[in-house]
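Read the figures in this text as sums done on the coordinates, not as results from a lab. None of the values given here were measured: they were computed from a predicted structure.
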Amino acid sequence: MEESTQNQAADGTPTSYGYCSWHDRFSEGVRLIRLGSGDMHYACVHCVRIYKLTPYEDQ
Ligand SMILES: [Zn+2]
């Protein structure tokens with residue numbers, strides 16, 4: 001069975017399940033983070049708080 005790591009970004013969806021690139025595990029409530037290099041990664045709410053990340057949609 002093929003496991004997709006892609007998330008459908010939907011407006012108004014409070015939580016989404018995805019792979020957190022910061023602690024290398026799947027987590028609920030991930031946010032899309034745009035790095036300075038332009039790469040897009042998902043981070044869970046805990047890593048957003050710990051690493052002081054700014055979610056893409058909040059920029
Ligand atoms: Zn995380």
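In table form, for the structure just shown:
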{"read-out": "In order through the range 45-59: 3J(HN,Hα) via Karplus (6.51 cos²θ - 1.76 cosθ + 1.60), integer Hz, x for Gly, Pro", "value": "4, 5, 5, 4, 6, 5, 8, 6, 7, 10, x, 4, 6, 8, 7"}
{"read-out": "Amide H within-cut-off set for residue 16, under 5 Å, with H built and near neighbours excluded", "value": "29, 30"}
